[in-house]
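Chemist: For reference, the structure I am asking about is given below.
The values are calculated or read from the model by the stated rules, or taken from the named source; none is laboratory data. Note that this is a predicted model, so its numbers are computed, not measured. Here the Cβ positions follow ideal geometry from the backbone for every residue, glycine too, while neighbour counts run over all protein chains shown.
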Amino acid sequence: MLIDISAKLLCKKNSKDNSGDYIYVKNGNGQYKLDRNGHLIVDHDLHNHGGELPDGIAEAFIEFAKSEKLSFWK
């Protein structure tokens, strides 16, 4: 099981471009999306950012912890 989940836990998306600048999420109109605090949303695969991004590594780990009935996740 650990091998199966490990592929889901690897970062697959770069959050910075070739010049080292962050890549931000844009809406359908091409404008940058803001989170509920008014901050730009960095495009990454770490977590779903309150539903603004697809599920990421954190959500995969939660699923794994639940399925394995790990003591710290109930």
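Chemist: Name the residue, out of Leu40, Leu9, that is of a type in the set (A, V, I, L, M), on the phi < 0 side of the Ramachandran plot and modelled with pLDDT of 90 or more. Can you show your working first?
Modeler: Details: Leu9 fails: modelled with pLDDT of 90 or more.
That would be Leu40, the only listed residue that is of a type in the set (A, V, I, L, M), on the phi < 0 side of the Ramachandran plot and modelled with pLDDT of 90 or more.
Chemist: What pairs can you find where one residue is in the range 58-74 and free of Cβ contacts under 8 Å to residues at least 40 places away in the same chain, the other is of a type in the set (Lys, Arg), and their Cβ atoms are less than 8 Å apart, with a gap of 6+ or different chains?
Modeler: Trp73/Lys66
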